[in-house]
1. At residue 35 and residue 115, where each label point lies 7 Å from the Cα along Cα→Cβ, what is the point-to-point distance in nanometres?
2. Give the relative contact order (percent, whole number) for the chain; include only Cα pairs under 8 Å separated by 6+ residues.
3. Efficiency by 1/(1 + (r/R0)^6): what FRET value for residue 132 and residue 86, r their Cβ-Cβ distance, R0 = 30 Å, to the nearest 0.05?
4. Which value in deg cm²/dmol, rounded to the nearest 500, describes the helix-derived mean residue ellipticity at 222 nm for the chain, given -39,500 (n - 2.57) per DSSP H run of n ≥ 4 and division by the residue count?
5. Which one, 67, 101, 119, has the greatest fluctuation when you compute a Gaussian network model over the chain with C-alpha springs under 10 angstrom?
6. For residue 63 and residue 95, compute 0.36 nm times the residue count separating them, minus their Cα-Cα distance, and round to one decimal in nm.
7. Would you mind calculating the relative contact order of region 44-99 from Cα pairs under 8 angstrom and at least 6 residues apart, reporting the percent as a whole number?
8. Which residue fluctuates the most in the chain, going by a Gaussian network model with Cα springs under 10 Å, if the choices are 39, 120, 20?
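All of the numbers you see were taken from the coordinates with simple rules; none came from a lab. Values in this document were obtained by computation on a predicted structure and should not be read as measured data. Virtual Cβ from ideal backbone geometry, glycine too; neighbours counted across all protein chains shown.
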Ligand SMILES: [Zn+2]
């Protein structure tokens, strides 16, 4: 039986329509957020500026003002950076490096890693909030 929305027999409904491809899981929405894409349509940038989300998506019209990422992306960045660099610092200490040498060597990499992780972490947090209808995001059908 042919559905009313299909364009032609044998063509999947929605394939040629302008309806954005919604994510099938929270993980897919998170992957879009990690890539700085809108979690709902994946067609436009979630954050046109470094950590400033757009007010709404220009692709699907999703209102992004209800997001409340707050400090959580910074916590995620610090936790990942700490876990990645802890073995390096321990190895340096066991090799006889002084604390000053370790700080001068590790701090630039730690700062770069934390800054590099901030935007993907924020995108993923916003995507999780949208998927779970948290804060002002409304549940979608
Ligand atoms: Zn969108």
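1. Going from the residue 35 label point to the residue 115 one covers 2.6 nm.
2. On the way: 168 pairs, mean separation 42.0, N = 141.
RCO, the chain: 30 percent.
3. Details: r = 31 Å, r/R0 = 1.03.
Efficiency at R0 = 30 Å is approximately 0.45.
4. Details: 3 runs with 65 residues, N = 141.
When only DSSP H runs of four or more count, the value is -16000 deg cm²/dmol.
5. Taking springs between Cα atoms under 10 Å, the residue moving most is 101.
6. Values: separation 32, 0.36 × 32 = 11.52 nm, distance 5.26 nm.
Stretched fully, the residue 63-residue 95 segment lengthens by 6.3 nm.
7. In percent, rounded to a whole number, it is 16.
8. Largest GNM mean-square fluctuation: 20.
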